[in-house]
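Following: one structure in structure tokens, then a few remarks.
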Number of protein chains: 2
Amino acid sequence: MSFQEQNQQQSGQLAVTGRTRHRRLREQGSTEVADLDAILRAGFVCHLGVVVDGTPMAVPTVYGVDFATRTLYVHGSVASRSLVQAPDSTVCVTVTHIDGLVLARSVFEHGVNYRSAMVYGVPRPVTDGDELLHGLQIVTENCAPGQWEYAREPSRKELAATALLALTLEEASVKTASGPPQDGDGPDGELGLWAGVVPLRTYFGAPEPDPALPAGIALPPHVAALGPGGSGS
Amino acid sequence: MSFQEQNQQQSGQLAVTGRTRHRRLREQGSTEVADLDAILRAGFVCHLGVVVDGTPMAVPTVYGVDFATRTLYVHGSVASRSLVQAPDSTVCVTVTHIDGLVLARSVFEHGVNYRSAMVYGVPRPVTDGDELLHGLQIVTENCAPGQWEYAREPSRKELAATALLALTLEEASVKTASGPPQDGDGPDGELGLWAGVVPLRTYFGAPEPDPALPAGIALPPHVAALGPGGSGS
């Protein structure tokens, strides 16, 4: 992290770089670290932008963030393959929440309400056993809080078969769009057409026990807390 | 499309290429065109994998597919910027549906149930006015069926300000994971731990009228049909 970046993060502001400068009008950019963190906390699946064999890929995978060290852990073998080919390449980790469809009077003003964070950086494969365990804990807890304590921890052999990347939260672009359509004031407002937002909601349904589960094993409270009524991705 | 690819698509099978060959065990790959189409039909937001200024990006944007011509239309200016820089570059369009969290007895067997399609190809910027209109209709109808007929169509000026890419559905990788965790049979099954799937559900909530909407404009049936109770992304 450069001094400037460090400075800006301490002030609660993200550093603005060539690729994180906001260009478009309709969407709202944010340089607040708090906004970045909120988007990352609200999800558990990201799309990893990497180049593999010369082709850009957007690969869905699970992630988690250690906010104490500001390290983002990304799970997956595709990412690791790309790193073997080009160890010092920048990747992009995108977390997107779709909040609703914006139905305007005119097709042109249609849009999507969303919150999105794109984190850039050169990832580091996690090879140290302790950090692998820690990173897996972060990812697991981000998916299902309480599950790390509950489930059997990985063995040494299982850890060795786990591919995990670490990325420092240094450079990120945060964009959001919210609110109603914006063509109510002009001539399109006179068309007599309905306009508004159709919200999109994501949540966990009722847990479905493994058919192989023996009788008498109760649903643990931390899983019951996920849904329904718990928070989604 | 090569002859081989054409042949395989006519047989309902996707061509297997170096980057669409399935490598992992836990996930199930599919070469059925029907599976690809079902995943594309079930969503309206994709993540576009492109290289911009030398950096891979995973950019969320809306899309739609003309299944008659097997053309995928992707909306957005970032994609277009990347094309200006490198007009013959391959991009990746990823559509992902997260269906649930797989909570196993062991952390190692944890996973996510999902359906994902990664479409590869060299995109073509849509510049012809008629195709722009057609492509926008495909994208709009994919987001909200019935909305194209209902809303005001784009003017010539608005069309000129619309960035749309077209990608032929030739090469794609389809992967899904479903079902319960798989560690019920081994020694972990004896741990007495709960295991199962917590399904993740996405749907449209009740439409929220634009506060600027004059009284007396009824919610059109095609918007009411979206949610609640309609299908999500």
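Here are the numbers for this structure:
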| item | result |
| --- | --- |
| Positions within the range B:111-148 being more than 29 Å from residue B:176 (Cβ to Cβ) and small (Gly, Ala, Ser), in sequence order | B:129, B:146 |
| Hey, residue B:77 under 22 Å from residue A:111 (Cα atoms) and at pLDDT below 95 or not | yes |
| Selected residue (only one of B:71, B:127, B:61 is without any contact (Cβ under 8 Å) to a residue 40 or more places away in the chain, surrounded by fewer than 23 Cβ atoms within 10 Å (Cβ to Cβ), at negative phi and touching a strand residue (DSSP E or B) at 6+ places or on another chain (Cβ under 7 Å)) | B:61 |
| Of all residues in the range B:42-64 being closer than 15 Å to residue B:136 by Cα and touching a helix residue (DSSP H, G or I) at 6+ places or on another chain (Cβ under 8 Å), the one that is nearest to the other protein chains (Cβ to nearest Cβ) | B:62 |
| All positions within the range B:189-215 that are under 29 Å from residue A:105 (Cα atoms), hydrophobic (A, V, I, L, M, F, W, C) and facing another protein chain (nearest Cβ under 7 Å) | B:204, B:212, B:213 |
| Out of B:131, B:170, sole residue that is in the same structural domain as residue B:34 (by TED's automatic domain parsing), under 21 Å from the mean Cα position of the chain (by Cα), over 29 Å from residue B:226 (Cβ atoms) and not aromatic (Phe, Trp, Tyr) | B:170 |
| Condition check for residue A:182: assigned by TED's automatic domain parsing to the domain that holds residue A:94, farther than 22 Å from residue A:74 by Cα and not acidic (Asp, Glu) | yes |
| Members of the range A:87-115 found to be among the acidic types (Asp, Glu) and within 22 Å of the chain's Cα centre (by Cα), listed by number | A:99 |
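The values are calculated or read from the model by the stated rules, or taken from the named source; none is laboratory data. In this text the structure is predicted, and so the values were computed from the model without any measurement. Using ideal geometry, Cβ is built from the backbone for each residue, glycine included, and neighbour counts are taken over all protein chains shown.
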